[in-house]
Amino acid sequence: MEDASVLSHSENYVRTVRMTGPEWIPASVFISGGAWQLLRQDLDEVCSRHPFIFPGFKKPSRDWKTWEVSPAPGATRRDAWGALWEFDLGGLDGIVLEHPLDDWAKFASFSAPDPMKYTDQGERDLLEQCENIRRAKERGDLPRAGLDHGYFLMRLWYLRGFENLMLDIATDEPKLHELVEMVARRNVAIVREYVKAGAGVVTFPEDIGTQTASILSPKDFRKWVKPSYKRMMSPVKEAGGIVTTHSDGYIMELVDDLLDCGCDVLNPQDLCNGVDEIARAIKGRCCIDLDIDRQKIVPFGTRKEIHDLIEEEVRKLGSPRGGLMFVCGVYPPTPAENVDAVCEALEKFRTYWWD
């Protein structure tokens, strides 16, 4: 397939977000470690057939004789905040077994990890990371950066435990206000370093929805989360950058608040929120980075069902102005042929509004 586009990927991305007329619908496919462990060379074959989705891909992607998935099944790890994680399934996220602030008596001696030396999960050199951002900008790229997944609300329950946190919110626990300030202040410091280095896109990813509703009521979200979100995103907005926000789960009742915080790109799950509902609540107000269904259609559907879903989403959520992108997460037990079907459909409909 010949690519006759004139715009660079960065220019097309910005036009999509700003809704000023891109040339194609950006799309990406994220393959989890668990899917690589399951499908291995079969995924190598799929990726090699779709250079638009996996530019520069070369097979084999790794030495399959020696490669081991990380984290390994059954592994445990203590993160930079002191939470102990367990990973039951190889290559997938885990759960927190030990919450470092399960008792408020521990808070007096507790401190946040140094943002210059640690991500939420482990060690890093933030100054070196920012230098890479500067180099990318000098090359003419659109530098991107982001906070760790679970950077705020999820971090609060990693620290306190979910039930404890819900009780704190219900009782207006004074110490929770202090913890909120601690987590937000650390994140603001990181975001300011990214912006100072020249990051044009900063991502704020965590999960604030369940299958059928937001985790917090809109009232509690506005009290406990929204002010910190706005504070963390404001340095990006003040610098003229792009704010992208990801959340799994149902978030339609929080869309207005997220937009008020400054989000330029929202990354909702499609069938969980409803394609028609997403069109009603978001289309034309900000860019939709649509998360293609990973519960039913992608893992268990036919090639036709996958194509039909993506075509419906392009028709209902897209426009010649832009405002629509796609991302698909691949997780077990998705078969390789379904990954191929997703890539094929994304390539087929990428220029739908301009053909």
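Of note:
- Most mobile of ASP103, ASP257, ASP291 in a GNM of the chain (Cα contacts under 10 Å): ASP103
- Centre separation in Å (Cα based) which lies between the range 308-342 and the range 228-245: 27
- Of MET252, MET233, MET116, the one that fluctuates the most in a GNM where the chain has Cα springs shorter than 10 Å: MET116
- Among the GluC sites (Glu not before Pro) within the range 1-60, those in coil by DSSP and having at most 11 neighbouring Cβ atoms inside 10 Å are GLU2.
- Burial ordering of SER319, SER247, SER111, fewest other beta-carbon atoms within 10 Å first: SER111, SER319, SER247
- Low-density loop cleavage sites - GluC sites (Glu not before Pro) in the range 51-98, where at most 14 other Cβ are within 10 Å (DSSP): GLU68
- Burial ordering of ASP141, ASP63, fewest other beta-carbon atoms within 10 Å first: ASP63, ASP141
- Spacing of the two label points (7 Å from each Cα toward its C-beta) at ALA72 and LYS59, in nm: 2.8
- Relative contact order of the range 35-190: 17 percent, from C-alpha pairs under 8 Å at least 6 residues apart in sequence.
- Kirkwood estimate for the range 92-146, i.e. one over the average of 1/r between Cα atoms, Å: 14.3
- Table column - 3J(HN,Hα) (Hz), the range 44-54, Karplus curve with 6.51, -1.76, 1.60, x for Gly and Pro: 4, 5, 4, 4, 5, 7, 10, x, 5, 8, 10
- Cross-link pairs beyond the 20 Å C-alpha cut-off, checked among LYS316/LYS348; LYS283/LYS316; LYS106/LYS175; LYS137/LYS237; LYS117/LYS223; LYS175/LYS223: LYS117/LYS223
- Bins of 10 Å from zero: percent of alpha-carbon pairs in the range 291-355: 22, 55, 21, 2
- Simple spin-label estimate for GLU181 and ARG134 in nanometres, 7 Å along Cα-Cβ: 3.3
- With respect to the chain, whose longest principal axis is taken over its alpha-carbon atoms, helix 126-138 is tilted by about 30°.
- Averaging the Cα positions of each part gives two centres, and for the range 177-199 and the range 286-306 these lie 33 Å apart.
- For ARG78, distant residues with modelled amide H under 5 Å away: TRP85
- Each of PHE204, PHE87, PHE107 was scored by other Cβ atoms within 10 Å of its Cβ. Listed from fewest to most, they are PHE107, PHE87, PHE204.
- Taking the longest Cα principal axis of the chain as reference, the axis of helix 9-18 is set at about 70 degrees.
- GNM on the chain, alpha-carbon springs under 10 angstrom: the most fluctuating residue among LYS237, LYS226, LYS175 is LYS175.
- Tilt relative to the chain, helix 174-197 - C-alpha long axis, 0 to 90 degrees, to 10: 50
Any read-out appearing in this document is the output of simple, stated calculations on the displayed coordinates, not a laboratory observation. What you see is a predicted model, and the numbers here were worked out from it, not measured in a lab. No Cβ is skipped: glycine too gets one built from the backbone with ideal geometry, and neighbour counts run over all protein chains shown.
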